[in-house]
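Everything on this sheet refers to the single structure shown next.
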Amino acid sequence: MFELPEYTILARQINKTLVGKTVKKGNLGNSPHKFVWYNRKHEEFTKLTRGKVIGKAWVQGRWLIVPCEPGYNLVLGECGGKILYHPADSELPEKYHLWIEFEDGSSSTITTQMWGAMELFEAGKEQERQYIKGMRVTPVEKAFTFKYFSALIDDLLKGEKRSTKGLLTQDQLIPGLGNASAQDILFRAHLLPRRALSDLSTGQRHDLYDSIVDTVREIIDQGGRNDEVDLFGKPGGYVRLMDSKAAGKPCPECGTKIQKMQYLGGACYFCPKCQV
Ligand SMILES: [Zn+2]
């Protein structure tokens, strides 16, 4: 699944490669997929995007917004899979869920593996969409300060019991993160995924905050995770510390065997000695 860093890389590449291109034909997918959310029929999508010019894309959490100017915004949300650019006369993937052909012969396809939204809104209306509307501050924004982060935890402590992993992956409390980056964030913060937020000392809140900001920045600086590909089909350079390959191997810090457990809808990998 794309998370905030991968979408950030894709937006940058779209802004260098696709901005200014005129849409010749926008097509919905050639492969039915139950969990792709469209808000337009194929004919309508084609009609509304024809002749539109790609504008400067931006990211909000796990949502990528690509203007089709004038008047519309293409919204790609919560996707895992591939968002690819194809120069003129190059081969397309066999299956795709969106294909935008440009007048210069190049095109772009979007293929998702699990699910994802591929919707076209009148510009500005996407801000009213569920999950975008009322989105909390994301870790790449200036407003994501330690003061904000600590107040968020205080606020959550008034409600249901939450763990560190829950903070990172549930209910878009910190939008843009997901199960992949959460593992490394927790390892670097030396906190277990099940650790209750209510137990964190001020120092541990600082460690967690620093780890979120630093990990997100590092993944972006390295061009995204190496288990995802960019607009040109190239894997990112960030190698996760804690993933399925790490399970059973020695911890990079202390040598203890890395353990795996299922928790909150996904596998967790952690060091039972370094993380408390
Ligand atoms: Zn360790």
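Computed quantities for the displayed model
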| quantity | calculated |
| --- | --- |
| Test: residue in region 209-222 that is part of a loop (DSSP other than H, G, I, E, B) and either touching a Lys or Arg at 6+ places or on another chain (Cβ under 7 Å) or farther than 20 Å from L191 by Cα (or both) | yes |
| Given (1) surrounded by 18 or more Cβ atoms within 10 Å (Cβ to Cβ); (2) in contact with a strand residue (DSSP E or B) (Cβ under 9 Å, 6 or more places away or on another chain), number of the condition I9 does not satisfy | (2) |
| Unique match (being surrounded by 17 or more Cβ atoms within 10 Å (Cβ to Cβ) and either basic (K, R) or closer than 22 Å to A267 by Cβ (or both)) among L168, L156, L173 | L168 |
| Any hit, region 124-132, residues being open to solvent by 10 Å² or more (accessible area, probe 1.4 Å) and in contact with a His (Cβ under 8 Å, 6 or more places away or on another chain) | no |
| Failed item, numbered, when Q222 is tested on (1) open to solvent by 30 Å² or more (accessible area, probe 1.4 Å); (2) away from the ligand (no atom under 16 Å from the Cβ); (3) of a type outside the set (A, V, I, L, M); (4) within 29 Å of L157 (Cβ to Cβ) | (4) |
| Filter result for G51 (out of contact with any Asp or Glu (no Cβ under 8 Å at 6 or more places or on another chain), in contact (Cβ under 8 Å) with a residue 40 or more places away in the chain and not assigned by TED's automatic domain parsing to the domain that holds I220) | no |
| Single residue of region 133-153 satisfying the filter (of a type in the set (A, V, I, L, M) and in contact (Cβ under 8 Å) with a residue 40 or more places away in the chain) that is most open to solvent (accessible area, probe 1.4 Å) | V140 |
| Test for V229: is it under 30 Å from H86 (Cα atoms), touching a residue at least 60 places away in the same chain (Cβ under 8 Å) and open to solvent by 10 Å² or more (accessible area, probe 1.4 Å) | yes |
| Residue, nearest to the ligand (Cβ to nearest atom), within region 225-254, restricted to residues that are within 18 Å of E3 (Cα to Cα) and among the basic types (K, R) | R240 |
| Filtered residues of region 106-148 (kept if in a strand (DSSP E or B) and either outside the structural domain of K25 (by TED's automatic domain parsing) or more than 21 Å from K82 (Cα to Cα) (or both)) | F121, E122 |
| Selection within region 258-275 - open to solvent by 40 Å² or more (accessible area, probe 1.4 Å) and either among the small types (G, A, S) or within 9 Å of the ligand (Cβ to nearest atom) (or both) | G265, P272, K273 |
| Residue within region 61-83 that is among the basic types (K, R) and open to solvent by less than 50 Å² (accessible area, probe 1.4 Å) present | yes |
| Which listed residue is open to solvent by 40 Å² or more (accessible area, probe 1.4 Å) and closer than 30 Å to I220 by Cα, from K34, K56, K47 | K56 |
| Verdict on S201 being open to solvent by 40 Å² or more (accessible area, probe 1.4 Å), more than 30 Å from K142 (Cβ to Cβ), more than 16 Å from the ligand (Cβ to nearest atom) and hydroxyl-bearing (S, T, Y) | no |
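The values are calculated or read from the model by the stated rules, or taken from the named source; none is laboratory data. What you see is a predicted model; the values in this text were computed from it and never measured. Using ideal geometry, Cβ is built from the backbone for each residue, glycine included, and neighbour counts are taken over all protein chains shown. In case anyone asks, the SASA skips ligands and DNA or RNA and just uses the protein heavy atoms, side chains included. Shrake-Rupley method; radii C 1.70, N 1.55, O 1.52, S 1.80 Å.
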